[in-house]
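Asker: Please see the structure below; I have some questions.
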Amino acid sequence: MNITLKRGKEESLRRFHPWIFSGAIQHIEGKQVEGSLARVFTSDGEYIATGHWQIGSIAVRVLTFHDELIDNSFWDSRLQTAWDMRKAIGVAGREDNSTFRLVHGEGDNLPGLVIDVYGRTAVLQAHSIGMHCSRMEIAESLKRVMGSEIDNIFYKSETTLPFKADLGQENGFLLGGAADDVAVENGLQFHIDWLRGQKTGFFVDQRDNRSLLEHYSRGRDVLNMFCYTGGFSVYAMRGGAHTVHSVDSSAKAVELVNANMELNFPGDSRHQAFAEDAFKFLQQMDDGAYDLIILDPPAFAKHKEALRNALKGYTRLNLRAFEKIRPGGILFTFSCSQAVNKDQFRTAVFTAAVQSGRSVRILHQLHQPADHPINIYHPEGEYLKGLVLYVE
Ligand code: SAH
């Protein structure tokens, strides 16, 4: 199909921004099938981009700004570039790390596609109908590019696609099958539940921040709030923490953190996990019980409309931690809401600090790791932000 833009609406595309909003479209020629390829033209009839079309506010996700075919060699070239980059930045091709993000959507010029690698299994996730429709071509290309590095490709898109499209999407293996579910991150082992887990089964994006936490853990009493698979907890244990408590409202997450602890520190009584609500736990815990606290909640704002409440939520949560953390304590606090920017998050935490009356200093400003790159033309790709604070 061909799409013609309204006059002037090509401006953002000339700056290589990869989204076309539905309001920018003048008219569409050809059969309108969601997920199909659209060639896009300016109002003067000049070719400007090719991308996947679907119904919604973001109508086209641009795959290329060159007039080229989206065929096997296109997928091979995009995936090869992504794979070469992961080797170049030192997250892939390592004995002690088999867990990394191979494709980060717009950050790898593949809007709508996420691929995480866990040992010998790649988990492929479509966030657009076009990527869903192309999943077999992508899987075949991935096998060509990564060769003997992977045996299995698991497709996990049941919850990431617009359900109204009724694509009959099912999670399952596109290549290989039953696989060893243990992957290695910086020498630590983790069970990855790609079948039922959140996202692609693990939060790969906290790898560097977990390493930093390990560095601050020695002798400390650690509270890992919103622990999920217990990533931060396992690093704290290796860092020599005195005690580590992991909290998540999901009983399934508590099972996961216990299983991961058994893998790395079997029978180590320094660790305990609790299935409880974060706000309740923080309210009820003793003053000064912990001197290293991690707050890594789920996205409080999934979209712009929820922003005000989300910021209040961050303030309320951080206030609890400021009120209770032992003097000389360190707080790792995060937001993964894309709708909340770095400054807004910092203001929310600042407000909590003021209300607590504690003396608070910023030691580090954290963000997503290098295998979650931000396309410079798509600043919306920046989502993870964190602060490491010293609380007197
Ligand atoms: N820190 C984790 C990722 C956190 S994901 C990591 O490094 O992998 C967010 C987690 O918060 C989920 O596991 C979810 O079950 C949990 N959660 C959501 N609401 C909660 C609440 N009110 N109290 C405690 N945990 C909650």
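Asker: Taking A236 and the conditions (1) near the ligand (Cβ under 8 Å from one of its atoms); (2) buried (at least 24 other Cβ atoms within 10 Å of the Cβ), which numbered condition does it fall short on, given that it satisfies the others?
Answerer: Every listed condition holds for A236 apart from (1).
To keep it simple, each residue is scored yes or no on (1) more than 16 Å from the ligand (Cβ to nearest atom); (2) touching a residue at least 40 places away in the same chain (Cβ under 8 Å); (3) surrounded by fewer than 21 Cβ atoms within 10 Å (Cβ to Cβ); (4) assigned to a helix (DSSP H, G or I).
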| site | (1), (2), (3), (4) |
| --- | --- |
| G130 | yes, yes, no, yes |
| E137 | yes, yes, yes, yes |
| K143 | yes, no, yes, yes |
| L174 | yes, yes, yes, no |
| A183 | no, yes, no, no |
| Q189 | no, yes, yes, no |
| D193 | no, yes, yes, no |
| L212 | no, yes, yes, yes |
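Asker: Next question. Are any of the residues in region 351-360 closer than 28 Å to D116 by Cβ and either buried (at least 18 other Cβ atoms within 10 Å of the Cβ) or small (G, A, S) (or both)?
Answerer: no
Asker: So which residues in region 90-128 are farther than 17 Å from L174 by Cβ and not in a loop (DSSP other than H, G, I, E, B), if there are any at all?
Answerer: R94, N97, T99, F100, R101, H104, G105, E106, G107, D108
Asker: Within 13 Å of the ligand (Cβ to nearest atom) and surrounded by 14 or more Cβ atoms within 10 Å (Cβ to Cβ), is that true of A278?
Answerer: On the way: within 13 Å of the ligand (Cβ to nearest atom): yes; surrounded by 14 or more Cβ atoms within 10 Å (Cβ to Cβ): yes.
Considered against the rule, which asks whether it is within 13 Å of the ligand (Cβ to nearest atom) and surrounded by 14 or more Cβ atoms within 10 Å (Cβ to Cβ), A278 comes out as yes.
Asker: Something else: In a helix (DSSP H, G or I) and either more than 12 Å from the ligand (Cβ to nearest atom) or surrounded by 20 or more Cβ atoms within 10 Å (Cβ to Cβ) (or both): is that true of E255 in this structure? Steps first, please.
Answerer: Numbers: in a helix (DSSP H, G or I): yes; either more than 12 Å from the ligand (Cβ to nearest atom) or surrounded by 20 or more Cβ atoms within 10 Å (Cβ to Cβ) (or both): no.
Here the answer is no, as E255 does not meet what is asked.
Asker: Do you know which residues across region 355-377 are touching a residue at least 60 places away in the same chain (Cβ under 8 Å) and either in contact with a Pro (Cβ under 6 Å, 6 or more places away or on another chain) or under 19 Å from I325 (Cβ atoms) (or both)? Break it down into steps so the answer makes sense when it comes.
Answerer: Residues of region 355-377 touching a residue at least 60 places away in the same chain (Cβ under 8 Å): 364, 366, 368-375, 377.
Across region 355-377, the qualifying residues are H364, L366.
Asker: So, one more: Please find, among L256, L161, the residue that is in contact (Cβ under 8 Å) with a residue 60 or more places away in the chain and not basic (K, R). Full working, then the answer.
Answerer: Working: L161 fails: in contact (Cβ under 8 Å) with a residue 60 or more places away in the chain.
Only one candidate passes the filter, namely L256.
Asker: Could you say which residue among Q283, Q272 is within 15 Å of the ligand (Cβ to nearest atom), surrounded by fewer than 20 Cβ atoms within 10 Å (Cβ to Cβ) and of a type in the set (S, T, N, Q)? Explain how you work it out, then say what you get.
Answerer: Working: Q272 fails: within 15 Å of the ligand (Cβ to nearest atom).
Residue meeting the stated conditions: Q283.
Asker: Within the group K31, K6, which residue is surrounded by fewer than 19 Cβ atoms within 10 Å (Cβ to Cβ), of a type outside the set (V, I, T) and modelled with pLDDT under 95?
Answerer: Numbers: K6 fails: modelled with pLDDT under 95.
Result: K31 is the single residue among K31, K6 that is surrounded by fewer than 19 Cβ atoms within 10 Å (Cβ to Cβ), of a type outside the set (V, I, T) and modelled with pLDDT under 95.
Asker: Let me ask something else. Starting from residues that are within 15 Å of I330 (Cα to Cα) and part of a helix (DSSP H, G or I), keep the ones in region 214-232 and report whichever is nearest to the ligand (Cβ to nearest atom). Spell out how you get there, then give the answer.
Answerer: Pass one, region 214-232, residues within 15 Å of I330 (Cα to Cα): 214-225, 232.
Right, trim to part of a helix (DSSP H, G or I) and you get 214-215, 232.
Values: E214: 13, H215: 16, F232: 5 Å.
Across region 214-232, the extreme among qualifying residues is F232.
Asker: May I pose another question? What are the pairs with Cβ atoms under 9 angstrom where one residue, in region 295-322, is under 24 Å from T229 (Cα atoms) and part of a loop (DSSP other than H, G, I, E, B) and the other, located anywhere, is within 13 Å of the ligand (Cβ to nearest atom) and modelled with pLDDT under 90? Sequence gap at least six, or different chains.
Answerer: P298/Q198
Asker: Can you name every residue in region 321-340 that is in contact with a Ser or Thr (Cβ under 9 Å, 6 or more places away or on another chain) and either within 14 Å of the ligand (Cβ to nearest atom) or outside the structural domain of H215 (by TED's automatic domain parsing) (or both)?
Answerer: If the condition is that a residue be in contact with a Ser or Thr (Cβ under 9 Å, 6 or more places away or on another chain) and either within 14 Å of the ligand (Cβ to nearest atom) or outside the structural domain of H215 (by TED's automatic domain parsing) (or both), then A321 is the only one that fits.
Matching residues to (1) surrounded by fewer than 17 Cβ atoms within 10 Å (Cβ to Cβ); (2) polar (S, T, N, Q); (3) under 29 Å from L5 (Cβ atoms):
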{"site": "V40", "(1), (2), (3)": "no, no, yes"}
{"site": "I48", "(1), (2), (3)": "no, no, yes"}
{"site": "S57", "(1), (2), (3)": "yes, yes, yes"}
{"site": "D71", "(1), (2), (3)": "yes, no, yes"}
{"site": "R101", "(1), (2), (3)": "no, no, no"}
{"site": "L110", "(1), (2), (3)": "no, no, yes"}
{"site": "I115", "(1), (2), (3)": "no, no, no"}
{"site": "I153", "(1), (2), (3)": "no, no, no"}
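Asker: If the Cβ limit is 8 Å and pairs must be 6+ apart or interchain, which residue in region 215-241 that is over 20 Å from P327 (Cβ atoms) and modelled with pLDDT under 95 pairs with which residue that is within 9 Å of the ligand (Cβ to nearest atom) and among the β-branched types (V, I, T)?
Answerer: none
The values are calculated or read from the model by the stated rules, or taken from the named source; none is laboratory data. This structure is a prediction, so every number in the text was calculated from the model and none was measured. Cβ sites come from the backbone with ideal geometry, for glycine too, and all protein chains shown count toward neighbours.
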